[in-house]
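Novice: So that we are looking at the same thing, I have put the structure below in C-alpha cells.
The values are calculated or read from the model by the stated rules, or taken from the named source; none is laboratory data. Please read these numbers as outputs of a predicted model, since none were measured by experiment. Reconstructed Cβ throughout: ideal geometry from the backbone, glycine too, with neighbour counts over all protein chains shown. Ligands, DNA and RNA are excluded from the accessible area calculation, which covers all protein heavy atoms including side chains. Shrake-Rupley method; radii C 1.70, N 1.55, O 1.52, S 1.80 Å.
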Amino acid sequence: MEALLEEHAKLEKRGNLAKTIEDVQRTIELLQSARDGLVANPSPSPKALEKLQKPTKLLNDKVNSDLTEIYKAQNSYSKALDKKFTGKLYMDPDGDALASHPHLINQAISMHLLREGQFSVAATFMEEAEAHPRAPEPTPGTPDPYAAQGEDKRKVTENFNAKELEQQFSDMYHILRELRTRRNLTPAIAWARQNRETLETRGSNLEWELCRLQYVCLYKNEAWNLRELGQTGGPLGAFAYANQEFKHFHRRYARELQQLLGALAFNENLYDSPYMSLFFNETAWEEVATSFTREFCSLIGLSADSPLYIAVTAGTIALPRLLKLQNIMREKRTEWTTEEEMPIEIPLPPSYHFHSIFVCPVSKEQATDENPPKMMPCGHVILKTSMDAISKGQKFKCPYCPGESIPREALTCRF
C-alpha cells in the first residue's frame, strides 16, 4: 500500500485546480476589462484588439498546461491502482446489496459533504438526487433496515433535516475558523458554557482546555482581543482572568490550577521552569480544535469522523485481503457460506474499533446477541453454542483447564 499512498500524495499535490482557477480568473478579469473598454469606446482601433489577443492566448495556454499536469497525475494514480488491484471482486449476479436503498447512499454522501463544509456542493447534490431519483432494486437476501422500525421511522430517515445539519455545521466551522485562523477562543468558550451541563455529564474537559489556553495567551500577552475580553495582558492580566473565570473549575481541576498560578513565580525564567510545557505547547491550538470538533459532533448525535470516510477507508484496507481470499477460493473451488461475518480477520487500525468483539477460542465464531459469551467458574470464556456442544446439558470439563462446571453455573458476559 506504500506505493499507492505515495501516488495519492502526488495526486493531492499535483492534481488540484488551484493554479487553473487562478489563471481562469485572470482571463475573466482581462476580458471584463476589455468589455468595459468596448462599452466606453464602441469603435476601438484594430491595434487595441490585437493587444488583447496575445495575453488571452498566453493565459489559455497556461490553463491547458495546468490541466495537462493534472491529467498526468490522474493517469499515474490510475496505473498505481490497476497495479495494486489486479483482480476483480466477484459481483453477485442478483444485484448490489445497496441497490435496495439508494436513498441511504444519497443521505450518506449528503451528510459527508455537509460535515466537510461543502454546503453548496451538498445542496446541488441533493437537488439533483431529488430531481432524478434512482428506483430501489430489490436484492434477494438483503434485509430491510426499516423492517423493525415502522413507516414513520422510514420517513424520518429518508428525509433527514439537511437544513438543520447545514446550520449546525456552519456554526461549527465558524468557531473552528476563529480558533485556527484568528486564534480567537471567545466563540468556542461561549459554546462550551452554553452546553456546560451536557459536557460535564459526558465527562468532557473541553471548557477547561479552552479557558486554560485563554489564560496562557493572556499570560504570554498573545491574546489579540484583549479589549473584547475586558482584560490586560501579561501575568497580572492572566491572574485577573483566573480570579474571574476559574471559580467553576477549582474542585475538578485543583492540581492544574495550582500549576497555572504557580507559574507566576517563574515569570522571569518561565521557559526554564517546571511549568514550561504548559505555556510552550506548539500543538495546543490544534488539540483544542480537535476536542471541540469531537464534542460538537457528539452533542448532535454524530461521530467526529465522517461515516462515509470511515467506510471507504475500511473497505480500502480490506480489499487486498478479500481479493487474495477470492483467488484462493477460486483455486480450491470453495464457497463463502457464512452470511453474518467476514471469512477472515481484517486488521483495522485501533481508531476503527468501535465496539468489543469476542471470538470464541473453540468455534472461532464471533459473539452475537443470540449466541453470547459464557464465563465458566474457572474464569475461561467460550460461546454458548460451544458450551452446549461440549456439555450436552451435563457436567463438563473446561477445554482450557482441569476445571469442571455445569451449564447453569456459567455467567453471560456483556460488552
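Novice: Can you go through I317, I344 and tell me which one is under 26 Å from K84 (Cβ atoms), at pLDDT 80 or above and of a type outside the set (D, E, K, R)?
Specialist: I317
Novice: Go through (1) in a loop (DSSP other than H, G, I, E, B); (2) closer than 30 Å to K84 by Cα; (3) at pLDDT 80 or above and name the single condition V362 misses.
Specialist: (2)
Novice: Quick check on my filter: what residues within the range 37-57 are open to solvent by less than 100 Å² (accessible area, probe 1.4 Å) and either aliphatic (A, V, I, L, M) or at pLDDT below 75 (or both)?
Specialist: L38, A40, S43, P44, S45, P46, A48, L49, L52
Novice: Being modelled with pLDDT of 80 or more, among the hydroxyl-bearing types (S, T, Y) and not assigned by the TED database to the domain that holds A18 narrows it down to one of S100, S110, so name that one.
Specialist: S110
Novice: Name the single residue that is least open to solvent (accessible area, probe 1.4 Å) among those in the range 297-324 being in contact with a Ser or Thr (Cβ under 7 Å, 6 or more places away or on another chain) and under 16 Å from L113 (Cα atoms).
Specialist: C297
Novice: Kindly provide the set of residues from the range 365-388 that are among the polar types (S, T, N, Q), outside any helix (DSSP H, G or I) and over 32 Å from the mean Cα position of the chain (by Cα), ordered by number.
Specialist: N371
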